[in-house]
Amino acid sequence: MDVWRIEEISDGRYRFHGVPSEAYGQVRIQGDVGSIPIPGPVDAPFEVDLPAGEYTIGWHWMRGHTDDRAAGTFEVPLNGSHQVVTITD
(Lines give C-alpha, C1' and ligand atoms only; values in the text may rest on other atoms or scores of the structure.)
Protein backbone atom coordinates (compact mmCIF):
# COMPACT_ATOMS: atom_id res chain seq x y z
CA MET A 1 0.00 0.00 0.00
CA ASP A 2 1.44 3.38 -1.01
CA VAL A 3 1.18 5.85 1.88
CA TRP A 4 3.55 8.79 1.31
CA ARG A 5 4.84 10.40 -1.88
CA ILE A 6 8.06 12.36 -1.35
CA GLU A 7 9.48 14.90 -3.77
CA GLU A 8 12.56 17.11 -3.49
CA ILE A 9 11.51 20.72 -3.95
CA SER A 10 14.95 22.27 -3.44
CA ASP A 11 18.37 21.11 -2.32
CA GLY A 12 17.73 19.15 0.89
CA ARG A 13 14.07 20.22 1.22
CA TYR A 14 11.34 17.62 0.70
CA ARG A 15 7.55 17.73 0.35
CA PHE A 16 5.48 14.82 1.69
CA HIS A 17 2.03 14.02 0.31
CA GLY A 18 -0.30 11.52 1.96
CA VAL A 19 -1.47 8.82 -0.48
CA PRO A 20 -4.41 8.33 -0.10
CA SER A 21 -5.17 11.89 0.86
CA GLU A 22 -6.51 11.56 4.39
CA ALA A 23 -5.53 12.72 7.86
CA TYR A 24 -2.64 11.09 9.70
CA GLY A 25 -1.90 11.62 13.40
CA GLN A 26 1.33 11.90 15.37
CA VAL A 27 3.52 11.93 12.26
CA ARG A 28 7.22 11.68 13.12
CA ILE A 29 10.34 11.39 10.94
CA GLN A 30 13.34 9.69 12.59
CA GLY A 31 16.92 9.40 11.40
CA ASP A 32 20.48 10.40 12.25
CA VAL A 33 19.26 13.95 12.92
CA GLY A 34 16.99 12.66 15.69
CA SER A 35 13.22 12.78 15.74
CA ILE A 36 11.24 15.41 13.83
CA PRO A 37 7.58 15.68 14.94
CA ILE A 38 5.16 17.03 12.33
CA PRO A 39 2.32 19.04 13.93
CA GLY A 40 -1.00 17.52 13.09
CA PRO A 41 -3.26 15.97 12.36
CA VAL A 42 -1.61 16.01 8.95
CA ASP A 43 -4.21 16.33 6.20
CA ALA A 44 -2.21 18.35 3.67
CA PRO A 45 1.30 18.15 2.17
CA PHE A 46 4.12 19.30 4.46
CA GLU A 47 7.77 20.22 3.90
CA VAL A 48 10.89 19.19 5.85
CA ASP A 49 14.62 19.91 5.50
CA LEU A 50 16.59 16.66 5.67
CA PRO A 51 20.30 15.95 5.23
CA ALA A 52 21.29 12.86 3.24
CA GLY A 53 20.57 9.61 5.06
CA GLU A 54 18.07 6.88 5.87
CA TYR A 55 14.83 7.74 7.65
CA THR A 56 11.68 6.21 9.07
CA ILE A 57 8.35 8.01 8.89
CA GLY A 58 5.78 6.84 11.43
CA TRP A 59 2.15 7.81 12.03
CA HIS A 60 -1.19 6.84 13.52
CA TRP A 61 -4.07 6.20 11.17
CA MET A 62 -6.97 8.59 11.75
CA ARG A 63 -9.50 6.20 10.19
CA GLY A 64 -9.90 2.47 10.29
CA HIS A 65 -6.80 1.49 12.29
CA THR A 66 -6.80 4.26 14.90
CA ASP A 67 -5.01 2.16 17.55
CA ASP A 68 -2.25 1.12 15.16
CA ARG A 69 1.00 2.94 14.54
CA ALA A 70 2.48 2.34 11.09
CA ALA A 71 5.90 3.16 9.66
CA GLY A 72 7.84 3.06 6.42
CA THR A 73 11.42 3.84 5.43
CA PHE A 74 12.98 6.09 2.82
CA GLU A 75 16.37 7.51 1.89
CA VAL A 76 17.42 10.96 0.74
CA PRO A 77 18.64 12.23 -1.59
CA LEU A 78 15.93 10.63 -3.69
CA ASN A 79 16.80 8.37 -6.57
CA GLY A 80 14.72 10.20 -9.19
CA SER A 81 12.10 12.95 -9.12
CA HIS A 82 10.07 11.36 -6.33
CA GLN A 83 9.80 8.32 -4.09
CA VAL A 84 6.81 6.48 -2.64
CA VAL A 85 6.87 5.02 0.88
CA THR A 86 5.05 1.71 0.76
CA ILE A 87 3.87 -0.54 3.61
CA THR A 88 2.25 -3.96 3.60
CA ASP A 89 -1.25 -4.03 5.05
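Of note:
- Applied to region 55-62, the Karplus parametrisation 6.51 cos²θ - 1.76 cosθ + 1.60 on θ = phi - 60° returns per-residue 3J(HN,Hα) values of 9, 10, 10, x, 6, 9, 5, 9 Hz, with x for Gly and Pro.
- Annotation for region 1-34: GluC sites (Glu not before Pro) lying in DSSP loop with at most 15 further Cβ atoms inside 10 Å of their Cβ are Glu22.
- Taking the Cα centre of the chain as reference, the dipole from Cβ charges on Lys and Arg (+1) and Asp and Glu (-1) amounts to some 160 debye.
- Accessible surface of region 1-57, 1.4 Å probe, proportion on carbon and sulfur as whole %: 46
- For the chain, radius of gyration divided by Kirkwood radius, i.e. Rg to Rh on alpha-carbons: 0.93
The values are calculated or read from the model by the stated rules, or taken from the named source; none is laboratory data. For clarity, every value in this text was computed on a predicted model and none was experimentally measured. Don't worry about glycine lacking a Cβ; one is built from the backbone with ideal geometry, like all the others, and counts go over all protein chains shown. To get the accessible areas, we keep the full protein, side chains included, count just its heavy atoms, and leave off ligands, DNA and RNA. Shrake-Rupley method; radii C 1.70, N 1.55, O 1.52, S 1.80 Å.
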